[in-house]
Amino acid sequence: MDIRLTDIVMQFPGTRALDGVSVTFRDDEVHGLIGENGAGKSTLVNVLGGSLTPTTGQVVIGGRPVRLGSPHGALTHGIAHVSQEGNLVSGLTGAENILLGHEPRLGGALIRTRALRRQAADLLREWFPRVSIDLSRPVGDLPMAERKVIEIVRALRGNPKIVILDEPTATLPAREKEQLWQIIRSLPKRGVGVVLISHFLSEIKALSDTITVLRDGRHICTEPAASLSEEKLVELMLRRTGGAALKAKTTASEAQGPVVLMLRGWHVGAVEVPDFTLRAGEIVGLIGLTGAGHFGFARSLHNSAGARAARMEVAGKAIAPGRPAQMQAAGVALVPDHRMEYALIGEWTLRENLAMVHPEQGSIGAGILSPRREEAEAGRVMRLMNVKAHSSGQLLKELSGGNKQKISIGKWLYGAGERYRVMIFIEPTEGVDIGAKTEIYAEMRRLAATGVGIIIASSDLLEIESVAHRVIPFANQRPGPEIPQERFSEAIFIAAMSGTAA
Amino acid sequence: MSEIATSPQIDRVFGLVRKDHIQRYSTLVVLALMVLGFSLFVGRFLTSQNVMNIAQQISMLTIVGAGLTFGFAAREMDLSVGFTVGLAGVLVPLLLVGGTPLPLALLAGLGAGLLVGLCNAFFVTVIGIPSLIATLAAGSILFGINFLMTGGRAIYGGLPDSYLWLGQGRLLGIPVLAWFMLGAVAVAWFVMERTIFGRYIYAVGGNQKAAELSGVQVRRYRAASLVVCSLFAVVAGMLLAARLGSGQPNAGERYLLDGLATVFIGMTMLRPGTATVLGTFFGALFIGIINNGLNLMGMDTYIQSIVKGAIILVAVAVVSRSTKLNLL
């Protein structure tokens, strides 16, 4: 039986997460769903799983439109959803988790423990005869792969037609993945279709019969897996923003200053960067697919409390990795992604937001602030960044995305003087209109010209192509060979990101 | 991206009056109407004697509330303040009765507040217990200590006049307590609105992640906000005992609930959703006037308690409907 989603539109306040997506899921195949963060994968499976009701569009099962209404409703229509984070109660045993909510009872209130254990064991054996798991242990004590299997068995309890598996192997060590792969492959033969979301392209390729690519909430294509190479998939997934105006390239000759950041043997989490050098005046682009490690690396340069380094030098001085306050003192600044979450306070005025890093600029001594001084410096930064607002006393939340981003950058110019020699930008133009984009690029070039070394981590390849002097592609938590400006091209970026040599 | 540029909303009915202005000042309007109502219908309400009375009644509450405002601004709640008020309220009279000179006794009171604040801060920011729980436990401990110190009895007799003057005397025709209240409000307002310290307290409460990524030592300011709570509470406690003329181990308890209420009411005005010193001051005035008015009308304290509870519910409902109210 097929489950068809037709013309699904999901409108959230201020953003359209799905824009007319139509896909058919079958009960005899593994259907891979891929796309970058924000492409709409999660929204789509949440619609399929009943957690979200689409703004417009239909869910059609066996030729009839249905209203799922809730995850429970979806389940009654044969759709089970195994979420990414996992939904097990870690204090309960495997058997108790499998039959959670459907325990065999005695007189309505008491649970028949022995029957429960037997039924759970039967379910496991029925579905996966070759898997052995100790169902009498609390799931918190079990390996991650076994927990996933328990969750899948629970999902299969009601004999669904389709099981949604959201990043099932994301938390698994490599050797446990194999086991789960076999389980996933076995399901379609038993009449249970799988909708698989994964960030690992190789996994999607290896497991899926059909692959659907989403990008920016739109359906890009649905093809047999055999007809799509990994490189082709990357190309389909990546968002491209148009606009030839953005192509104004930064010229490489600008970047000839002294070394402002030098790293040897950098380890942070699973990311390992053996060698990294940034010079004054240069803009280095970091690219990679989601999970490749480039964002984590960029972030760790400003908040490096958890990092280990054989050697770290900022502006010629050897320092130890540390918390943001220490890294700032050494001269490292960060303009983070998700500005409303990591950088700004919506209820504050522009002036207060700008003064967040260096309030002492507006101080008349002894930590006492002068509104007049603050206003003067905030005004200077706002003119420099061309922020469009009534006054520095306006509330930040009233600004557009582009102007908010200018304030997020302006925080590091307010009262900073020449203090920051290394500036890190993560997704610097997310949710920013074209006009503000060009202004932000111009500002980055201006900063570089004053001798700041700039690192930009972005998933917008056109952005990287137009502002960076050189690019370091990341794949599998490691930096690959550097790409110099004269070799910049989308094809080369994509090849480097998918880990295949160009 | 879920950001939409919101331009200031112009209300159709009120024309040029911005909607957020209506929100900001509606509580003050209610306060004014209340004053008007009591003045018209309760004969003894608007006499200078009664106004001084209200000032005295709300001064300790305002001081406790001003301290709590620091905590709320940093998104920390101190549920031990009532017992901290009680602690200073028995410790200082005990020392005075035992012959300790007044300045030393007052310093000891402040020292006790500092100690309580540092303990709270230690468990919250170093050990990592949510302030709601840590200060609840601290309150229970302080409650026990207060009764242990006094053997459960009130301490009276032998308190020096200079001490009693703080709670009962007048200066330039105005109760000394009111001077303390105004001083506390002025200091707290200045620190919160005009210093880097206050700015960072607000930053930590407004967006902890952003504050940290801007180089603010988040833990230090969360700790400081709790220390300030305790310091203001001991000042209130010392004044309370002076006003009562005795040290009573359970006298401070009501300042927890009323203190929280002043902050909640304050959060409905000026900068809705944010605890501000002036908002808290008006909140204390609100509660003081209700208590006083109902008193003059002959309502008993149980009724007052019901009315106050209802007001807290309304205040919090107003705030949480219009802004996101993230208390913890």
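Computed quantities for the displayed model
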| read-out | value |
| --- | --- |
| Enumeration of residues in segment A:272-316 that are touching a residue at least 60 places away in the same chain (Cβ under 8 Å) and of a type in the set (S, T, Y) | A:T290 |
| Residues that are buried (at least 24 other Cβ atoms within 10 Å of the Cβ), part of a loop (DSSP other than H, G, I, E, B) and within 27 Å of the chain's Cα centre (by Cα), drawn from segment A:345-359 | A:M356, A:V357 |
| Any hit, segment B:13-21, residues being modelled with pLDDT of 85 or more, assigned to a loop (DSSP other than H, G, I, E, B), of a type in the set (G, A, S) and out of contact with any Pro (no Cβ under 9 Å at 6 or more places or on another chain) | no |
| Some residue of segment B:289-300 being within 14 Å of the chain's Cα centre (by Cα) and of a type in the set (A, V, I, L, M) | no |
| Selection within segment B:214-262 - within 14 Å of chain A (Cβ to nearest Cβ) and surrounded by fewer than 24 Cβ atoms within 10 Å (Cβ to Cβ) | B:G215, B:V216, B:Q217, B:V218, B:R219, B:R220, B:A224 |
| Some residue of segment A:402-415 being in a loop (DSSP other than H, G, I, E, B), modelled with pLDDT of 90 or more and β-branched (V, I, T) | no |
| Segment B:84-103, residues that are part of a loop (DSSP other than H, G, I, E, B) and in contact (Cβ under 8 Å) with a residue 12 or more places away in the chain | none |
| Enumeration of residues in segment B:270-280 that are assigned to a helix (DSSP H, G or I) and open to solvent by 40 Å² or more (accessible area, probe 1.4 Å) | B:L278 |
| Residues located in segment A:380-401, provided they are more than 11 Å from chain B (Cβ to nearest Cβ) and either in a helix (DSSP H, G or I) or buried (at least 19 other Cβ atoms within 10 Å of the Cβ) (or both) | A:R380, A:V381, A:M382, A:R383, A:L384, A:M385, A:V387, A:S392 |
| Residue within segment A:323-340 that is over 30 Å from A:V259 (Cα atoms) and surrounded by 16 or more Cβ atoms within 10 Å (Cβ to Cβ) present | yes |
| Of all residues in segment A:356-372 being among the small types (G, A, S) and within 7 Å of another protein chain (Cβ to nearest Cβ), the one that is farthest from A:R419 (Cα to Cα) | A:G367 |
| Residue within segment A:313-325 that is closer than 26 Å to A:A475 by Cβ, of a type in the set (A, V, I, L, M) and out of contact with any helix residue (DSSP H, G or I) (no Cβ under 7 Å at 6 or more places or on another chain) present | no |
| Sole exception among (1) over 17 Å from the mean Cα position of the chain (by Cα); (2) open to solvent by 30 Å² or more (accessible area, probe 1.4 Å); (3) more than 10 Å from every other protein chain (Cβ to nearest Cβ) for B:W179, by number | (1) |
| Per-region count, segment A:333-345, residues more than 7 Å from chain B (Cβ to nearest Cβ) and either hydroxyl-bearing (S, T, Y) or within 14 Å of A:H358 (Cα to Cα) (or both) | 1 |
| Pairs with Cβ under 7 Å, 6+ apart, first in segment A:370-383 and more than 27 Å from A:A436 (Cα to Cα), second part of a helix (DSSP H, G or I) | A:S370/A:G362; A:R373/A:G362 |
| Subset of segment A:203-234 that is assigned to a helix (DSSP H, G or I) and of a type in the set (K, R) - its residue that is nearest to A:P188 (Cα to Cα) | A:K205 |
| Considering residues of segment B:68-122 that are hydroxyl-bearing (S, T, Y) and farther than 17 Å from B:A138 by Cβ only, the residue nearest to the chain's Cα centre (by Cα) | B:T69 |
| Every residue from segment A:461-479 that is surrounded by fewer than 21 Cβ atoms within 10 Å (Cβ to Cβ) and either basic (K, R) or under 15 Å from A:G291 (Cα atoms) (or both) | A:R470, A:A475, A:N476, A:Q477, A:R478 |
| Residue within segment A:411-423 that is within 22 Å of the chain's Cα centre (by Cα), within 14 Å of chain B (Cβ to nearest Cβ) and closer than 26 Å to A:V268 by Cβ present | yes |
| Of the criteria (1) assigned to a helix (DSSP H, G or I); (2) more than 22 Å from A:N37 (Cβ to Cβ); (3) touching a helix residue (DSSP H, G or I) at 6+ places or on another chain (Cβ under 9 Å), which one A:E341 fails | (2) |
| Extreme residue, farthest from the other protein chains (Cβ to nearest Cβ), among residues of segment A:441-479 that are among the small types (G, A, S) and either assigned to a loop (DSSP other than H, G, I, E, B) or over 28 Å from A:V268 (Cβ atoms) (or both) | A:A449 |
| Cβ pairs under 7 Å, 6+ apart, first in segment A:10-29 and more than 14 Å from chain B (Cβ to nearest Cβ), second open to solvent by 50 Å² or more (accessible area, probe 1.4 Å) and modelled with pLDDT under 85 | A:D27/A:M1 |
| Failed condition for A:T438, given (1) in contact with a Phe, Trp or Tyr (Cβ under 9 Å, 6 or more places away or on another chain); (2) more than 14 Å from chain B (Cβ to nearest Cβ) | (1) |
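Rundown of residues vs (1) in a loop (DSSP other than H, G, I, E, B); (2) in contact with a helix residue (DSSP H, G or I) (Cβ under 6 Å, 6 or more places away or on another chain), yes/no style:
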{"position": "A:E418", "(1), (2)": "yes, no"}
{"position": "A:G431", "(1), (2)": "yes, yes"}
{"position": "A:G435", "(1), (2)": "no, no"}
{"position": "A:E439", "(1), (2)": "no, no"}
{"position": "A:P481", "(1), (2)": "yes, no"}
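The values are calculated or read from the model by the stated rules, or taken from the named source; none is laboratory data. As the structure is a prediction and not an experimental result, all values here were calculated from the model. Don't worry about glycine lacking a Cβ; one is built from the backbone with ideal geometry, like all the others, and counts go over all protein chains shown. Accessible surface is based on the protein model in full, side chains and every heavy atom, while ligands, DNA and RNA are left aside. Shrake-Rupley method; radii C 1.70, N 1.55, O 1.52, S 1.80 Å.
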